[in-house]
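Remarks on the structure that follows.
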Amino acid sequence: MKPTAWSLADLEIIGYADDRDQTMLPAIVPPVFRSISNPDIVLVPPFAIRFDVVERATQLPFTEAESLRDRQELTFFPGSPLAAQPDHQLWLRRNGQIVYQPALEARRELDQLGKLATERAKAALAAGDMATAQDAASEAILSNDRCVTAFVIKAAIRCKLGKPAAANLMAELASHLLDANDFHTLVERYCSEMPSLSAPPGQNRPSASPMFRIATIPVVAELKYV
Amino acid sequence: MGRPELEANLLTQCDRLRSHLGAPGGPGLTAATPLAAQLSQYLFLSHGTMPRKFARICQDSQLYSRVAFNQHTNQSLPLDDTDVKMGTCDSVFFYAAPFRYPHTKCGFLFAATLEDERSHDGTASPFDSGGLVHHIGFPPEFASPADFLRQHEFPVPDHRNYLSLSMDNLFDQPEGYIEGRAPTEPGCLGLSGGDERMWTHEVRLPKRVALRGRHLQAVFAHRALPAANPDIEALFQWCADEDVNRIAFNGPDDGDFETLKRECISYLRRKLY
């Protein structure tokens, strides 16, 4: 009978079970564990890590893990393995850098990245730079999928582009944060403050700073949920 | 392998299982239940994948076999590759089951009707074929994992008859197969040492499978993926227009990397039992 729970004390992290390009980063990724006492045993997700124990992992021989790596199902670290620690989170920065740190610190850092990216998205939106606003809003959502303002910004851009169905999809994706009516109210407010898409860059901006009006939209949802 | 050989394999293995169960002193053969018949007939096909491939599939609107994809990119597979050894490298793989390892972020579910459409070239086995190479033990009378596979390869969708028989007789309840509970009775394939892939039906469809078609049942993704990637967003949009189910779920939290699996099982419960 194979064990169903593994102590982190006997595990090291040799990589992660994910593969994505930079446009889909940052991201929290599930570790790929290897047993220290029996290096032929590799644990892959789905699993749950409860304090210092990994539960319900799939156990593979190392050769099978290598085979999964070769088909881009797993990514192995280029360098040395990391010692597995309780209450830690493995995640990848936007530039692909691997971070393994206490879960609370990881959450704080990702939340902060989400807030900064949201601010960049708002500023770009105010300046009429839709491409930058889109990218920054994506980064905000990838950092923290509770960044409701980033979903709203994406929806507002779609509305402005005459794609109401695409805006509705954003409302659906943010439905864990805000009901559809409140979401669309915020979208309308952002839309009303956006410069016309047909205007050349630099024209039709708010008369004060680019952030003057958008920054004054109350972000009730963010205060409540993020 | 032609369809007559696949049908003969299926007949042989169904007979063997019935004989094994009904033999004197054996566990006994349960009468077929409507629930097992229904679940085995309608159980969806899962194809889990990683975010980069998921986005590419959304963009191509095709699931390619590794051979077909490599032809596209002018690459070849190494001879020691598991799927090359098994003779399955030109197939797109599915489980007639919820998403399995190592996927946690995204995947597709197809309706069982996909197998009807591919009954001329699809095959299935009542286990994960790749597992035979690495960790699932098989009886010594078979010369190789590929040899064992050839003699246990079934036609689609008929392999579901064997699945129905298994659900009724090898599991505590028919839905135990879907919920991922290990069988209470090992059956008679003679496999050992593996995990749930030892009894999960694998379906292999050659070359390619169209994504945006009438067989796509549901798309699952961490909600940040359709929000951040335009190809995934476009698929979600298409699904909304075509009434295909979209399951967007929260990212991993507190060491929980089981959300995709849990959401899938929960979806199957809602739809099938």
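Since every read-out is calculated from the coordinates, none of them should be taken as a lab result. Just so it is clear, the model here is predicted, and its values are computed rather than measured. Neighbour counts run over all protein chains shown; Cβ positions are idealised from the backbone, glycine included.
Brief remarks follow.
- For the range A:87-106 versus the range B:142-219, the gap between their alpha-carbon centres in whole angstrom: 37
- The range A:72-138: Rg to Rh, with Rh as the Kirkwood radius over Cα pairs: 1.12
- The length gained on full extension between A:Gln97 and A:Ser196, counted as 0.36 nm times the residue separation minus their Cα-Cα distance, comes to 31.9 nm.
- Added length on full extension, which subtracts the Cα-Cα distance from 0.36 nm per residue, A:Glu105 to A:Gln22: 27.7 nm
- Rounded FRET efficiency, nearest 0.05, which uses the C-beta distance separating A:Glu55 from B:Lys207 and R0 of 35 Å: 0.35
- Pairwise FRET efficiency - A:Thr4 versus A:Phe62, Cβ, R0 = 25 Å, nearest 0.05: 0.80
- Rounded to the nearest whole angstrom, the semi-axes of the ellipsoid equivalent to the range B:22-171, taken from the Cα gyration tensor as √(5λ), stand at 29, 21, 14, largest first.
- B:Thr33/B:Asp81 FRET efficiency (R0 45 Å; Cβ-Cβ; nearest 0.05): 0.65
- Equivalent ellipsoid dimensions for the protein assembly as shown as semi-axes, Å, which come from the Cα gyration tensor, largest first: 45, 25, 20
- Largest to smallest principal axis extent of the C-alpha atoms in the range A:115-200, angstrom: 36, 25, 17
- Largest GNM mean-square fluctuation across B:Ala36, B:Ala228, B:Ala55, computed for chain B with C-alpha springs under 10 Å, falls on B:Ala228.
- Across the range B:241-273, the residues whose backbone nitrogen lies under 15 Å from the label position 7 Å along the beta-carbon direction of B:Gln173 are B:266, B:268-273.
- About its Cα centre, the dipole of the protein assembly as shown is roughly 1340 debye, where the only charges are +1 on Lys and Arg Cβ and -1 on Asp and Glu Cβ.
- Dipole-positive endmost among A:Ser37, A:Ala121, A:Pro102 within the range A:1-156 (Cβ charges, Cα centre): A:Ala121
- Relative to the longest principal axis of the Cα atoms of chain B, the long axis of helix B:51-60 lies at roughly 80 degrees.
- Scattering curve values for chain A, log₁₀ I(q)/I(0), Debye with Cα scatterers, q = 0.08, 0.10, 0.11, 0.15 Å⁻¹: -0.39, -0.57, -0.65, -0.94
- All Cα-Cα separations within the range B:159-273 were binned at 10 Å from zero, giving a P(r) of 11, 32, 34, 20, 4, each value a whole percent of the pairs.
- Three principal axis lengths of the range A:1-103 [C-alpha, angstrom, descending]: 42, 30, 23
- For the pair the range A:55-75 / the range B:40-82, the C-alpha centres are spaced 17 Å from each other.
- Computed helical MRE - 222 nm, chain A, DSSP H runs ≥ 4 contributing -39500 (n - 2.57), nearest 500: -12500 deg cm²/dmol
- Kirkwood hydrodynamic radius computed over chain B comes to 19.3 Å, based on all pairs of distinct alpha carbons.
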